[in-house]
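What follows is a short report on a single structure.
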Amino acid sequence: MASLQIGIDLGTTSILIHVKGKGIVLQEASIAALDAVTGDVLALGNRVYQMVGRNPDSLRVVHPMRDGVISDFTVIHAMIAYYIKKICGNRLLKPSVMICMPASVTGLERNTILELAIAAGAARVCLVEEPFAAALGAGLNIASLGGQMIVDIGGGTTDVAVITMGSIVLSRSGKSAGNKLNESIQRYLRRERHMIVGDLTAETIKKKVGFARLHSPELGIMVRGQNYITRMPVCNEVTSTQAYLAMRETIGEMISVVRRVFEETPPEMAGDILDQGIVLTGGGSLLRDFDAVLHLETGLHVRVARDPIECVARGMGLMMEHNSILEGNNYYYRTDDDIGEYARNRAL
Ligand SMILES: Nc1ncnc2c1ncn2[C@@H]1O[C@H](COP(=O)(O)OP(=O)(O)O)[C@@H](O)[C@H]1O
Ligand SMILES: [Mg+2]
């Protein structure tokens, strides 16, 4: 039985796994439940997501990659080990694992992830940069001479990159993204409606009645929460106008990240982007009308990629299918020996 080739998109909100020859086989929430006393990992993924805001004190819910930084390596290790085991079952040969992390993860953290992945059961590991995988998955021709802009809006970060001839020439990351939109809805409701709502409710409001600009006709949704003062349960309507007013500032910050990249883009490449437009990936790009608002603010053509949440995993799938993409862009798999040598060199 041949060894499997697996691509893991370690996102701040979701983890997607692509298996070579099969496609995307798994999408789970990037979240874990730990024993509050011992710190042992008790459960992972979607099962835990349902518990958010309802968990007993004996359980601690953690988002190990929440803001695009790795806050808990033990949990990441448990996650990688669990998913490798789930995909590979009892196969004797260890898999080749490709991992994609948010662009904001530091070099040191990346090296730790390499070591963790080997310890978690990978035969060899290859780390790839997220904008690169996202661009491939969105169908961009990354080898083209002209500069292309890709904007990935995830849970924890909005990452903007300009890619030309297969390399990332410029990139910027901002913390205004999906989670911050949810938080701004929670803050607005507390301030303006004296209502406290949980994370999952804020997420529902954003998805059901959230728009990046005023929407007419106005939509509404009934949501449950707590009165801020009396703490009694309440059920109120939240409208698309309120959701927009809540999110407006964060949406502005997301657009500023894109603007800042243009300030540093060399003129020839800015001209290329004028021709090609901007491609949006990541779950946050599903916020309705965000593409239209970005178009109005920049004057550029804006396109949301097909199935934007899956772009990174799909891009890794393409890299696994076509070794030439990997080699052509200086990505390579490292084994335990390579990493051991690296670690020894680092210690010297
Ligand atoms: N229909 C939608 N409208 C608005 N936001 C959405 C929608 N679907 C998903 N999102 C948001 O997308 C974000 C997750 O995107 P994803 O690309 O999976 O993130 P990451 O790569 O950081 O794990 C979350 O903040 C989620 O609320
Ligand atoms: Mg992502």
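The values are calculated or read from the model by the stated rules, or taken from the named source; none is laboratory data. Predicted model only: the values in this text are computed from it and were never measured. Because the Cβ atoms are built from the backbone with ideal geometry, glycine has one as well, and the counts that use them run over all protein chains shown. Just the protein is used for accessible areas: all its heavy atoms, side chains included, with ligands, DNA and RNA removed. Shrake-Rupley method; radii C 1.70, N 1.55, O 1.52, S 1.80 Å.
Run the dipole for the chain about the Cα centre, Lys and Arg Cβ at +1, Asp and Glu Cβ at -1, nothing else charged, and hand back the magnitude in debye, nearest 20.
The dipole magnitude comes to about 1020 debye.
Per residue, what accessible area does the chain have, given a 1.4 Å probe and all protein chains present, in Å²?
Heavy-atom accessible area per residue stands at 47 Å².
What area, in nm² and to one decimal, does the C-alpha convex hull of the range 140-304 cast on average over all directions?
Average projection, Cα convex hull of the range 140-304: 9.4 nm².
For the pair residue 228 and residue 327, how long in nm is the line joining their label points, each one 7 Å along Cα→Cβ?
6.1 nm
Can you give me the Cα centroid spacing of the range 1-27 and the range 211-235 in angstrom?
So the separation of the two Cα centres works out to 37 Å.
Considering the chain as a Gaussian network with a 10 Å cut-off on Cα pairs, which listed residue, 144, 216, 184, attains the greatest mean-square fluctuation?
Greatest mean-square fluctuation among the candidates belongs to 216.
Using only DSSP helix segments of four residues or longer, with each worth -39500 (n - 2.57), what per-residue ellipticity at 222 nm results for the chain after dividing by its residue count and rounding to 500?
My calculation for the chain gives -12500 deg cm²/dmol from helical runs alone.
Please state the charge dipole magnitude for the range 124-267, taken about the Cα centre, from unit charges on C-beta atoms (+1 on K and R, -1 on D and E), reported in debye and rounded to the nearest 20.
In debye, rounded to 20, the range 124-267 gives about 480.
Please give, to one decimal in nm, the separation of the simple spin-label points placed at residue 259 and residue 73, each 7 Å out from Cα toward the Cβ.
3.9 nm
Leaving out same-chain residues fewer than 8 places away, which lysines sit with a Cα under 22 Å from that of residue 206?
Candidates past the 8-residue exclusion: 175, 180.
Treat every Asp and Glu Cβ in the range 109-167 as -1 and every Lys and Arg Cβ as +1, leave all other atoms uncharged, and give the resulting dipole magnitude about the Cα centre to the nearest 20 debye.
About 160 debye.
Taking the chain as a Gaussian network, Cα atoms linked when under 10 Å apart, which of 270, 313, 36 shows the biggest mean-square fluctuation?
36
Looking at the P(r) of the range 214-337, how many percent of alpha-carbon pairs lie beyond 18 Å?
70 percent
Choose one of 194, 97, 265: the residue whose Cα lies farthest towards the positive end of the charge dipole of the chain (beta-carbon charges +1 Lys, Arg; -1 Asp, Glu; about the Cα centre).
Looking along the dipole axis, the top candidate is 194.
Taking Cα pairs under 8 Å and at least six residues apart, what relative contact order does the chain come out at, in percent?
Relative contact order comes out at 18 percent.
Largest first and in whole Å, what are the equivalent-ellipsoid semi-axes of the chain based on the Cα gyration tensor, each being the root of 5 times an eigenvalue?
Equivalent ellipsoid semi-axes, largest first: 34, 28, 16 Å.
With all protein chains present, how much of the accessible area of the chain (probe radius 1.4 Å) comes from carbon and sulfur, to the nearest whole percent?
51 percent
Which of these, 88, 311, 235, has the largest mean-square fluctuation under a Gaussian network model of the chain (Cα springs below 10 Å)?
Looking only at 88, 311, 235, the biggest GNM fluctuation is shown by 235.
HN-Hα J couplings of the range 259-272 from phi, Karplus 6.51/-1.76/1.60, θ = phi - 60°, integer Hz, Gly and Pro as x?
Rounded to whole hertz, the list is 4, 4, 5, 5, 4, 9, 7, x, x, 4, 6, 4, x, 4.
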